[in-house]
Amino acid sequence: VEIAPGAVHLPGWLDVEQQRHLVRACREWARGPVPMRRTRLPTGGVMSVQSVHLGWYWRPYHYSRTADDHNGARVPELPDWLADLGRRVLADAYQDPDAAVGYRPDVALVNYYDHAAKLGMHQDKEERSPDPVVSLSIGDRCVFRFGNTETRNRPWTDVELASGDAFVFGGPCRFAYHGVPKLYPGSGPNADVGLAEGRLNLTLRVTGLPG
Ligand code: MD5
Ligand code: FE
């Protein structure tokens, strides 16, 4: 389902087994070397979303290889099987196997939302590559707010993202404002996928950074 040029929603793209596998993997990554945690903002606040990163460490507002604002540890590599999964999403979203051939994501950001977590309207522009972002959702449903490239305000489109949904943000919408204003607690197949509560979102990205 194309929401806007370059923005494609693939409801139920992951089967239950794939979701379970991803939850298990996220649980492992969440243990460290850089544990899953709430990112500190330069304003002094902390994000309500908890996150763990693969390939590159993200903090507001740049990437590094090590958690230089935390314990200094290097983040794990992004596994090939996860990059492969991203290429399969891309090929399906654009219904073109060639769309995925050169897609080499080098960072995965894993976000965990408890029932109170939200993500305010923002743009993802730390990446220097215009290549698409692939997003995978597991657990509780949420409202995903897909905005415009000019302002963090209206017009926007609210879309519900459910467990197993994939989303591709490419082309003109790659740098659009977006956020997650609301979760629906208890709405997902959490027990079936091994997630006690809340929502997991994984995004695959190409930083365009060297090495
Ligand atoms: C989430 N995560 O559901 C979202 C999914 C983040 C974040 O926003 O920064 O970790 S990624 C949504 C996204 C990425 C790039 C472009 C657009 C959306 N977009 O144009 O709407 O936790
Ligand atoms: Fe984002």
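The values are calculated or read from the model by the stated rules, or taken from the named source; none is laboratory data. Just so you know, these numbers come straight off a predicted model, no measurement behind them. Positions of Cβ are generated from backbone atoms using ideal geometry, with glycine treated the same way; all protein chains shown enter the neighbour counts. SASA here: full protein model, heavy atoms, side chains in, ligands and nucleic acids out. Shrake-Rupley method; radii C 1.70, N 1.55, O 1.52, S 1.80 Å.
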Answer with yes or no whether residue 157 is open to solvent by 10 Å² or more (accessible area, probe 1.4 Å), touching a residue at least 40 places away in the same chain (Cβ under 8 Å) and more than 9 Å from ligand 1 (Cβ to nearest atom).
yes
In region 128-146, which residues are near ligand 1 (Cβ under 8 Å from one of its atoms) and among the small types (Gly, Ala, Ser)?
135, 137
Long-range neighbours under 8 Å by Cβ, at least six apart or interchain, first residue closer than 19 Å to residue 54 by Cβ within region 76-101, second modelled with pLDDT under 95 and small (Gly, Ala, Ser)
90/99
Go through region 33-64 and give me each residue that's surrounded by fewer than 13 Cβ atoms within 10 Å (Cβ to Cβ) and either over 19 Å from the mean Cα position of the chain (by Cα) or in a loop (DSSP other than H, G, I, E, B) (or both).
41, 42, 43, 44, 45, 61
Across (1) at pLDDT 95 or above; (2) charged (D, E, K, R); (3) surrounded by fewer than 16 Cβ atoms within 10 Å (Cβ to Cβ), residue 69 clears everything bar (1)
Given (1) within 15 Å of the chain's Cα centre (by Cα); (2) open to solvent by less than 60 Å² (accessible area, probe 1.4 Å), residue 18 misses just (1)
State whether one or more residues within region 160-170 are within 14 Å of ligand 2 (Cβ to nearest atom) and open to solvent by 10 Å² or more (accessible area, probe 1.4 Å).
yes
Among the numbered criteria (1) farther than 19 Å from residue 41 by Cα; (2) assigned to a strand (DSSP E or B), which single criterion is violated by residue 83?
(2)
Being among the aliphatic types (A, V, I, L, M) and over 17 Å from the mean Cα position of the chain (by Cα) narrows it down to one of 25, 73, 30, 83, so name that one.
73
Selection within region 195-211 - open to solvent by 20 Å² or more (accessible area, probe 1.4 Å), of a type in the set (Gly, Ala, Ser) and at pLDDT 95 or above
196, 208
In region 154-185, the residues that are of a type in the set (A, V, I, L, M), in a loop (DSSP other than H, G, I, E, B) and closer than 22 Å to residue 114 by Cα:
162
Does residue 119 fit the bill of being surrounded by 21 or more Cβ atoms within 10 Å (Cβ to Cβ), near ligand 1 (Cβ under 9 Å from one of its atoms) and either within 13 Å of the chain's Cα centre (by Cα) or at pLDDT below 95 (or both)?
no
Only one of these conditions is not met by residue 94: (1) in contact with a strand residue (DSSP E or B) (Cβ under 8 Å, 6 or more places away or on another chain); (2) open to solvent by less than 60 Å² (accessible area, probe 1.4 Å); (3) among the aromatic types (Phe, Trp, Tyr). Which number is it?
(2)
Take the residues in region 97-106 that are under 23 Å from residue 12 (Cα atoms) and surrounded by 14 or more Cβ atoms within 10 Å (Cβ to Cβ), then tell me which one is nearest to ligand 2 (Cβ to nearest atom).
105
